[in-house]
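J.: Quick one: the structure is below, questions incoming.
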Amino acid sequence: MSTSSTNQNDDKHLEYLLAGAPTEAERLNLQQKIFTALFPGREYIHTAPFDLSRVHRVLDVATGTGIWLERLWKEGQDGQKLRADVELQGCDIDLSKVTTHQTSKDLQITYIQHNVLQEFPAHMHNQYDLVQMRFVLLAMNTVQYAQAIRNLRRLLREGGTLQLVELDPLPNPPTNSVERTMKEICEGLWSRTDKDPTGICLNMLDHVTSNGFLEEKVNTFTHPWPFASPSGFEASLHRDVLLKSSQNYLMVVQALKQAVLHYAQTDPIAGMSTAQAWDSFFEQATKHFASSGYAGSLYIAIAVK
């Protein structure tokens, strides 16, 4: 593994709301296992068919631990493997979560530290066959998301593919006190940090076509995502996967504690002015999501330059 750094920006609006969680790297790796179960045969590029043999250079933006790149290299997709000479790069504003290790002398992943809201260096333009950005809705608002798409489009070769994947953060109207509090927490954090992730999800096609891609070359769709153990998933997903999904969601909720308590004294969110109030809520949330189903939606856009 090698790393390099390009220009960075400390803009508070890009601050990742889960960044301070000590279990974030573990959660990101767990999350990939859920993707693998949800998209059999389309685990990494969520469209079929996709010709991996034509891919010479891949960039994973907001790469986190780097697990998407590592697994794509090891496992391929739908019976295909990447070329032996493929170049794999991961990009993130913070590389401290990277946990992938070289397990083969043939596997070479290069990591660069870069803020996707800043234009990438000129030598990276028109170089990539496949670029992915996934789950950045807790890091930017819709205006910033549009800027990110423009920056990523410049990186693609003609015929190159951009894959964007986001999760609807408020999938269903709340039906009980725990879900109502979660809604208050999310909306409270967004309003205080100038984020609007729901808009990112609901306007995925508009985001892509308004920033350089032709509509006829964009495929957008939704896909169910289990937050816990919702009915309808039991038949298609192994119980172990549903448990992983529930664990993943609770890790997200707990990771928000630091951000919520940041406002506890000056502008409390959902009435949480103390750590004790948060811990009491999290205990309720743990019990609720262990026993109740809760399903959301993935919003996916696959655009060709």
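J.: Scan region 174-202 for residues that are on the phi < 0 side of the Ramachandran plot, in a loop (DSSP other than H, G, I, E, B) and surrounded by fewer than 16 Cβ atoms within 10 Å (Cβ to Cβ) and jot them down.
T.: If the condition is that a residue be on the phi < 0 side of the Ramachandran plot, in a loop (DSSP other than H, G, I, E, B) and surrounded by fewer than 16 Cβ atoms within 10 Å (Cβ to Cβ), then Pro174, Thr175, Asn176 are the ones that fit.
J.: Within region 210-218, is there a residue that is under 30 Å from Arg153 (Cβ atoms), at pLDDT 80 or above and among the hydroxyl-bearing types (Ser, Thr, Tyr)?
T.: yes
J.: Of everything in region 228-242, what is of a type outside the set (A, V, I, L, M, F, W, C) and either at pLDDT 80 or above or loosely packed, with under 14 Cβ neighbours inside 10 Å (or both)? Give them in sequence order.
T.: Residues satisfying the conditions are Ser231, Gly232, Glu234, Ser236, His238, Arg239, Asp240.
J.: Now, a different point. Only one residue in Leu164, Leu189, Leu138, Leu170 is among the aliphatic types (A, V, I, L, M) and under 18 Å from His46 (Cβ atoms). Which one?
T.: Exactly one residue qualifies, and that residue is Leu164.
J.: Which number in (1) surrounded by fewer than 18 Cβ atoms within 10 Å (Cβ to Cβ); (2) out of contact with any strand residue (DSSP E or B) (no Cβ under 9 Å at 6 or more places or on another chain) marks the one condition that Ala139 misses?
T.: (1)
J.: Any chance you could count how many residues in region 243-293 are over 20 Å from the mean Cα position of the chain (by Cα), of a type in the set (Phe, Trp, Tyr) and at pLDDT below 90?
T.: 1
J.: Restrict the check to region 130-153 and report whether at least one residue is part of a helix (DSSP H, G or I), free of Cβ contacts under 8 Å to residues at least 12 places away in the same chain, more than 16 Å from Asn203 (Cα to Cα) and not acidic (Asp, Glu).
T.: no
Here is a yes/no grid of residues against (1) surrounded by fewer than 17 Cβ atoms within 10 Å (Cβ to Cβ); (2) of a type in the set (A, V, I, L, M, F, W, C):
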| position | (1), (2) |
| --- | --- |
| Arg57 | no, no |
| Gly76 | yes, no |
| Gly79 | yes, no |
| Arg83 | yes, no |
| Cys91 | no, yes |
| Gln108 | yes, no |
| Leu117 | no, yes |
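The values are calculated or read from the model by the stated rules, or taken from the named source; none is laboratory data. Owing to the predicted nature of the structure, the values given are computational and were not obtained by experimental measurement. Don't worry about glycine lacking a Cβ; one is built from the backbone with ideal geometry, like all the others, and counts go over all protein chains shown.
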